[in-house]
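Asker: Pasting in a structure now, in structure tokens, and then I'll have a few things to ask.
Coordinate-derived values only; no laboratory data. None of the values given here were measured: they were computed from a predicted structure. A quick note on method: Cβ atoms are made from the backbone with ideal geometry, for glycine too, and the neighbour counts reach across all protein chains shown.
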Amino acid sequence: MRIRSTKTPTGYVDPQGWGRTHFGGLLSSVRLDGTGIAATNGYFEPRILMPNGKGAWPAFWLMSKNSTGPSHVSSTAELDTVEAYGHASTGACSSVHWWGVSPETHQTNCSESNFAYGDNASTWHTYGTKVTPTTIYFYIDNVQVWSQPSFSQACTPLYFMLNLALGGGWPTDLAKYNDQIDMYVDYVRVFQ
């Protein structure tokens, strides 16, 4: 599967007023009404070829299913299996967020030494998150790179999202790539 980001057409007016200059892409395993695929205390793994490009922000992440649909709750788990940055393709970050609680929890692990070979834009890699009742484990190419204590919202059904965003606070310049970049996904596996 290919997720593509392209420059917005000349004259495009961003309806939300955010000043976006590129379109990105998002694939979610759960719809806005809360229906779809989610797993509790499982293992989630995609195989991805990330893009280069200044401002590229590709990611694979998990969210609490109960954060969507008509009976959503404000306390939400977000587990970022991988966030990559097109200007620094030798590194990757994983994060744990617990939104809507007091105090909120935010932990991030970034490293430029996570890849046994290549970088995230020159070759395919697998990225995994295993959620257990006690611990959340993060993997790159089947090697554990980080872990964090689990929490109640992380042990509810989680759905996955793949996206190719741009910016995120970083300047965007894709002229070198003809204002178009691609993220390729070979598969996503979910085990419960």
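Asker: Testing the spin-label approximation: label points 7 Å from Cα along Cα→Cβ at ARG47 and TYR12. State their distance in nm.
Answerer: About 3.2 nm separates the two model spin labels.
Asker: Still on this structure, please answer the following. Can you tell me which of ASP119, ASP14, ASP179 moves the most in a GNM of the chain? Springs connect C-alpha atoms under 10 Å apart.
Answerer: Of ASP119, ASP14, ASP179, the Gaussian network model singles out ASP14 as fluctuating most.
Asker: Could you give the dipole magnitude of the chain about its Cα centre, charging the beta-carbon of Lys and Arg +1 and that of Asp and Glu -1, in debye to the nearest 20?
Answerer: Dipole size: approximately 300 debye.
Asker: State the three equivalent ellipsoid semi-axes of the chain, derived from the C-alpha gyration tensor as the square roots of 5 times its eigenvalues, in descending order and whole Å. Intermediate values should be presented prior to the final figure.
Answerer: Numbers: eigenvalues 144, 89, 44 Å².
Taking √(5λ) for each Cα gyration eigenvalue gives 27, 21, 15 Å.
Asker: Fewest to most neighbouring Cβ within 10 Å: what's the order for THR129, THR156, THR105?
Answerer: Going from sparsest to densest Cβ surroundings: THR105, THR156, THR129.
Asker: List the cysteines in the chain whose Cβ has no other cysteine Cβ under 4.7 Å from it.
Answerer: CYS155
Asker: Output the relative contact order of region 5-55, whole-number percent, from Cα pairs under 8 angstrom with separation of 6+ residues. Intermediate values should be presented prior to the final figure.
Answerer: Numbers: 22 pairs, mean separation 12.8, N = 51.
Relative contact order here is 25 percent.
Asker: Taking θ as phi - 60°, what are the ³J(HN,Hα) couplings along region 70-87 by the Karplus curve (6.51, -1.76, 1.60), each to the nearest whole Hz, with x for Gly and Pro?
Answerer: The phi angles translate into x, 10, 5, 10, 7, 7, 10, 8, 10, 10, 8, 4, 8, 10, 10, 10, x, 7 Hz.
Asker: Give the relative contact order (percent, whole number) for the chain; include only Cα pairs under 8 Å separated by 6+ residues.
Answerer: Answer for the chain is 34 percent.
Asker: Same structure again: Using a ≥ b ≥ c from the Cα gyration tensor of region 18-131 (square roots of the eigenvalues), is it rounded, prolate or oblate, where a/c under 1.5 gives rounded and otherwise the larger of a/b and b/c decides, a/b for prolate?
Answerer: Here region 18-131 falls in the prolate category.
Asker: May I ask you to sort LEU162, LEU79, LEU27 by Cβ crowding, counting other Cβ atoms within 10 Å and putting the fewest first?
Answerer: Exposure proxy ranking, most exposed first: LEU27, LEU162, LEU79.
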